[in-house]
């Protein structure tokens, strides 16, 4: 397992056969855990870089807020619920996004106590730009993966996502499923 962490490229080129695990042996739980952690670190790094390399920097929670709002206007309470945060946390986040011109805030016409939030054109551009930067970086990573290993990779990622209880979420998917 240690040699995998030190040289994951060599491990991948060897078809995942390294250390004590032979070609036909089932990898140990520790080997699988380490591989998932290594891959998740790489994906988190890609996600973070995609947020900061554009004209308008946003944090991951701010980005998720923008993504949720790309599906239409929401009440503040509904946004907080969708993001699994308290209304006060959602309010502070929205204050920052309003100051940046990425969302607008308006009073509900029927119930003036309610606040509606809507993404602006600038906010939509931020979401589209982040998605494009993320796709470009993932494509460049893909260049380092042998073509013959890609089907297995795709299948493994779907198995991992299903095991983790992840199904395609509309709040994270604009532009990913075309």
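For residue 114, the criteria (1) surrounded by 16 or more Cβ atoms within 10 Å (Cβ to Cβ); (2) modelled with pLDDT under 90 hold in every case but one, which is (1).
Among the conditions (1) surrounded by fewer than 12 Cβ atoms within 10 Å (Cβ to Cβ); (2) touching a helix residue (DSSP H, G or I) at 6+ places or on another chain (Cβ under 8 Å); (3) modelled with pLDDT of 90 or more, residue 140 misses just one, which is (2).
A search for C-beta distances below 9 Å between a residue of the stretch 24-45 that is over 25 Å from residue 139 (Cβ atoms) and any residue that is at pLDDT 90 or above, counting only pairs 6+ apart in sequence or on different chains, returns 27/35.
Checked against (1) surrounded by 12 or more Cβ atoms within 10 Å (Cβ to Cβ); (2) within 30 Å of residue 136 (Cβ to Cβ); (3) free of Cβ contacts under 8 Å to residues at least 12 places away in the same chain, residue 58 meets all criteria but (3). Among the residues of the stretch 78-108, those that are in contact with a helix residue (DSSP H, G or I) (Cβ under 6 Å, 6 or more places away or on another chain), more than 20 Å from residue 48 (Cα to Cα) and free of Cβ contacts under 8 Å to residues at least 60 places away in the same chain comprise 79, 80, 87, 90, 101, 103, 105. Contact map, the stretch 152-178: first residue closer than 16 Å to residue 138 by Cα, second residue surrounded by 10 or more Cβ atoms within 10 Å (Cβ to Cβ) and at pLDDT 85 or above, Cβ cut-off under 7 Å, separation 6 or more or different chains; pairs are 153/145; 175/128; 175/131; 176/131. Per the conditions (1) under 30 Å from residue 121 (Cβ atoms); (2) at pLDDT 90 or above; (3) in a helix (DSSP H, G or I), the sole criterion not satisfied by residue 50 is (2). Just one of the listed residues (12, 39) is closer than 18 Å to residue 150 by Cα, surrounded by 11 or more Cβ atoms within 10 Å (Cβ to Cβ) and modelled with pLDDT under 90, and it is 12.
For the stretch 68-124, filtering for residues that are more than 20 Å from residue 57 (Cα to Cα) and assigned to a loop (DSSP other than H, G, I, E, B) leaves 13.
The values are calculated or read from the model by the stated rules, or taken from the named source; none is laboratory data. Predicted, not measured: the structure shown is a model, and the values here were computed from it. A quick note on method: Cβ atoms are made from the backbone with ideal geometry, for glycine too, and the neighbour counts reach across all protein chains shown.
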